[in-house]
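For reference, the structure discussed in these notes is given below.
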Amino acid sequence: MTSSSADLHIHTSYSDGLRSPREVIQIASDVNLKAVALTDHDTVAGLEEARLAGREMGIEVLTGVELSCELDGYEIHMLGYFAGDKERELEDKLKWYQEKREERAKEILDTLKKNNISLLYRDLLFFSTGKSIGRMHVAKALMKKGYANSIHEVFKRYLGPDGIAYVPKAKLSIPEAVELIHSHQGVAILAHPGMYRIRDAAEHCIEHLDGLEVWYPEHSPSFEDHLYAMALRNRLIPTGGSDYHGIGNNQIGCVRVPYSTVTRLLEVAVGV
């Protein structure tokens, strides 16, 4: 019997995750979840496959997305959760992000070529099911070609802020991202507030938010308590999720929230 808990932050092969949407739903079923949210970067293209698998396996699939934003020169991520089936409408709106991702990837490839590292764009597409191409796809291609032995090495040498081929990502402002989410009956949740270079990221943008991702694998218990208290004070929705990508230690279901969180998200989304 499925439990009454949910994992609300999961990535698939439609962005920078390793597993297909169907595989993700199978894992969710195996670990006894009632609901999941697919939150691929800048795309909702994997939701159709996930919903089909979810109907077969008895897993509810919440429409979600993770958007890149900018706050005082720092990159911030915003999670959007949506009422109803918004995939087609949202995917049209997310084309700007996807086009900018493609431009960025090609600029990275050009920079690598200047450093005598040869990759083709089709080498990146080999690792992606959808249109949301990112640095993780470049990293996997570099490893396949033998230029590095680990994801950590790739980002340190090539793709991280101090790497030889680092290219900043095009981003919306916090208000722009929230407006995009709200305009499609969505709620805007600040993703993993403890993982940014800017201190007190939540405080800097709290006036725009509908919720905070309180429970997260890399948050300490004391920081989760701090975020939860902040959410209560500001009447925000506390959420949580594994941020599963299929690599590393963050497994589906390692962070769980009660199903009542899903109900609350959808109730607020309908009223937006």
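The values are calculated or read from the model by the stated rules, or taken from the named source; none is laboratory data. These figures come from a predicted structure and were not determined experimentally. Glycine gets a Cβ as well: all are built from the backbone with ideal geometry, and neighbour counts include every protein chain shown.
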Those residues of the stretch 234-256 which are charged (D, E, K, R) and out of contact with any His (no Cβ under 8 Å at 6 or more places or on another chain), in sequence order: 235, 256
All positions within the stretch 101-158 that are out of contact with any Gly (no Cβ under 7 Å at 6 or more places or on another chain) and of a type in the set (Phe, Trp, Tyr): 121, 126, 127, 147, 158
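Return yes when residue 113 is out of contact with any strand residue (DSSP E or B) (no Cβ under 8 Å at 6 or more places or on another chain) and either at pLDDT 80 or above or within 30 Å of residue 216 (Cβ to Cβ) (or both) and no when it is not. Before you say what the answer is, go through the steps one by one.
On the way: out of contact with any strand residue (DSSP E or B) (no Cβ under 8 Å at 6 or more places or on another chain): yes; either at pLDDT 80 or above or within 30 Å of residue 216 (Cβ to Cβ) (or both): yes.
It is true that residue 113 is out of contact with any strand residue (DSSP E or B) (no Cβ under 8 Å at 6 or more places or on another chain) and either at pLDDT 80 or above or within 30 Å of residue 216 (Cβ to Cβ) (or both).
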Only listed residue being surrounded by 17 or more Cβ atoms within 10 Å (Cβ to Cβ), out of contact with any Phe, Trp or Tyr (no Cβ under 8 Å at 6 or more places or on another chain) and in a helix (DSSP H, G or I), chosen from 50, 105: 50
So residue 191, is it small (Gly, Ala, Ser) and under 28 Å from residue 238 (Cβ atoms): yes
Test: residue in the stretch 17-34 that is without any contact (Cβ under 8 Å) to a residue 60 or more places away in the chain, of a type in the set (Gly, Ala, Ser) and outside the structural domain of residue 128 (by TED's automatic domain parsing): yes
Residue match in the stretch 150-161 (condition: out of contact with any Ser or Thr (no Cβ under 8 Å at 6 or more places or on another chain) and more than 21 Å from residue 247 (Cβ to Cβ)): no
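Working carefully through the options 3, 15, 29, find the one that is part of a loop (DSSP other than H, G, I, E, B), among the small types (Gly, Ala, Ser) and either on the phi > 0 side of the Ramachandran plot or surrounded by fewer than 24 Cβ atoms within 10 Å (Cβ to Cβ) (or both). Break it down stepwise before answering.
Working: 15 fails: either on the phi > 0 side of the Ramachandran plot or surrounded by fewer than 24 Cβ atoms within 10 Å (Cβ to Cβ) (or both); 29 fails: part of a loop (DSSP other than H, G, I, E, B).
Result of the check over 3, 15, 29: 3.
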Segments classed as helices (runs of 4 or more DSSP H), wholly inside the stretch 149-227, with at least 2 members that are touching a residue at least 24 places away in the same chain (Cβ under 8 Å): 174-182, 201-205
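Please determine whether any residue of the stretch 55-67 is part of a helix (DSSP H, G or I) and under 19 Å from residue 259 (Cα atoms). It would help to see each step written out before you state the result.
Just the residues of the stretch 55-67 that are part of a helix (DSSP H, G or I), to begin with: 55-57.
Keeping just the survivors that are under 19 Å from residue 259 (Cα atoms) gives 55, 57.
Checking the stretch 55-67: at least one residue is part of a helix (DSSP H, G or I) and under 19 Å from residue 259 (Cα atoms).
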Where residue 76 falls short, out of the listed (1) part of a helix (DSSP H, G or I); (2) under 17 Å from the mean Cα position of the chain (by Cα): (1)
All positions within the stretch 228-248 that are closer than 17 Å to residue 190 by Cβ, outside any loop (DSSP other than H, G, I, E, B) and in contact (Cβ under 8 Å) with a residue 40 or more places away in the chain: 237, 239, 240
Count - residues of the stretch 219-265 that are aliphatic (A, V, I, L, M), closer than 30 Å to residue 22 by Cα and modelled with pLDDT of 95 or more: 6
Test: residue 55 is farther than 20 Å from residue 185 by Cβ, over 18 Å from the mean Cα position of the chain (by Cα) and free of Cβ contacts under 8 Å to residues at least 24 places away in the same chain: yes
Residue in the stretch 34-47 that is within 30 Å of residue 165 (Cβ to Cβ), among the acidic types (Asp, Glu) and buried (at least 22 other Cβ atoms within 10 Å of the Cβ) present: yes
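Please go through the stretch 47-68 and give me each residue that is closer than 16 Å to residue 132 by Cβ and in contact with a strand residue (DSSP E or B) (Cβ under 8 Å, 6 or more places away or on another chain), ordered by number.
The first filter runs over the stretch 47-68 and keeps only residues closer than 16 Å to residue 132 by Cβ, leaving 47-50, 63-68.
Matches in the stretch 47-68: 47, 50, 63, 64, 65, 66, 67, 68.
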